[in-house]
1. In this model, which of K45/K101; K69/K209; K101/K147; K45/K147 are farther than 22 Å apart at the alpha-carbon?
2. Report, in cubic angstrom per residue, the convex hull volume of the C-alpha atoms of the chain.
3. With a ≥ b ≥ c taken as the square roots of the eigenvalues of the C-alpha gyration tensor of region 136-179, please select rounded if a/c is under 1.5 and otherwise prolate if a/b is larger than b/c or oblate if it is not?
4. Per residue, how much accessible area does the chain show when a 1.4 Å probe rolls over the protein heavy atoms, in square angstrom?
5. Rounded if a/c is under 1.5, else prolate if a/b is larger than b/c, else oblate: which is region 43-148, with a ≥ b ≥ c the root eigenvalues of its Cα gyration tensor?
6. From the alpha carbon gyration tensor of region 105-178, can you work out the equivalent ellipsoid semi-axes (sqrt of 5 times each eigenvalue) and give them in Å, largest to smallest?
7. DSSP H helices in the chain with Cα extent of 18 Å or more along the helix axis and mean Kyte-Doolittle hydropathy at least 0.5?
8. Report the one residue of I105, P142, L55 whose Cα lies farthest in the direction of the positive end of the charge dipole of region 49-206 (charges on C-beta: Lys and Arg +1, Asp and Glu -1; origin at the Cα centre).
Amino acid sequence: MLSADFGHLDRDTRMIHESAAEWIHIDVMDGVFVPNISFGFPVMKPIRRASDKFLDVHLMIVEPEKYLKRFAEAGADLITFHYEATDDPRGAIRIIKECGKKAGISIKPATPVSVLEPLLEELDLVLIMSVEPGFGGQSFIPASRDKVRQLRRMIDEHALPVMIEIDGGVSAANAGDLFADGCDALVAGSAVFGAPDPQAEIVRMLEAKPSDR
């Protein structure tokens, strides 16, 4: 939703609600962890009212522990925080789970996947950032595909039900490759809202997903 028209947020939310998209992804930025500010609880609530689709909330904020319960109360179904933004990732995961929500963790492009291995058993999802977090419309970082494949092997070796999500520079042009690498969920903002037919772009991406995923 970061790429939506904030002047017509209800309209754009309803468009996603009526589309084939399975989740609605919300990026929350604080201007500290990343050099930009997006939105918070007041904007989340009307999005939640406009759609009952799965609400995927990605926190790009420092000290996420302080706000996890409030995001859960605002309607998030899955809350993802950044590994780099907290000194106690296990504590953050525990808070999310205590709120009855799914827990995700994200890493920046420079952070190795290996740091997540000790946490995988406690997670529902890992979000690989394929651009530097903080801005929409960036180009996909090719090395992100290697990280997805490494993470996929790690998850499969432990036989864990952890989903892999990727965010940044995703479109119908690379969706097939990303699913093949091991992604379960793709986040697309500019590619959808900037397309002549946003709903058709969503369908093209979903059609690239193997039938066994």
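1. On the way: K45/K101 17 Å; K69/K209 33 Å; K101/K147 26 Å; K45/K147 34 Å.
Over 22 Å Cα-Cα: K69/K209; K101/K147; K45/K147.
2. Values: hull volume 24.2 nm³, N = 213.
Convex hull volume per residue, Cα atoms: 114 Å³.
3. Details: a/c = 2.45, a/b = 2.23, b/c = 1.10.
Here region 136-179 falls in the prolate category.
4. On the way: 9630 Å² over 213 residues.
Result: 45 Å² of accessible area for each residue.
5. Values: a/c = 1.91, a/b = 1.27, b/c = 1.50.
Verdict is oblate for region 43-148.
6. Details: eigenvalues 91, 35, 21 Å².
With the √(5λ) rule applied to region 105-178, the semi-axes are 21, 13, 10 Å.
7. Working: long enough: 144-157 (20 Å, -1.59).
Answer set is empty.
8. Of the candidates, L55 comes out farthest on the positive side.
The values are calculated or read from the model by the stated rules, or taken from the named source; none is laboratory data. Fair warning: this is a prediction, and the values are worked out from it, not measured in the lab. Note: ideal-geometry Cβ built from the backbone for every residue, glycine included; neighbour counts use all protein chains shown. We work out accessible area using only protein heavy atoms, side chains counted, and drop any ligands, DNA or RNA first. Shrake-Rupley method; radii C 1.70, N 1.55, O 1.52, S 1.80 Å.
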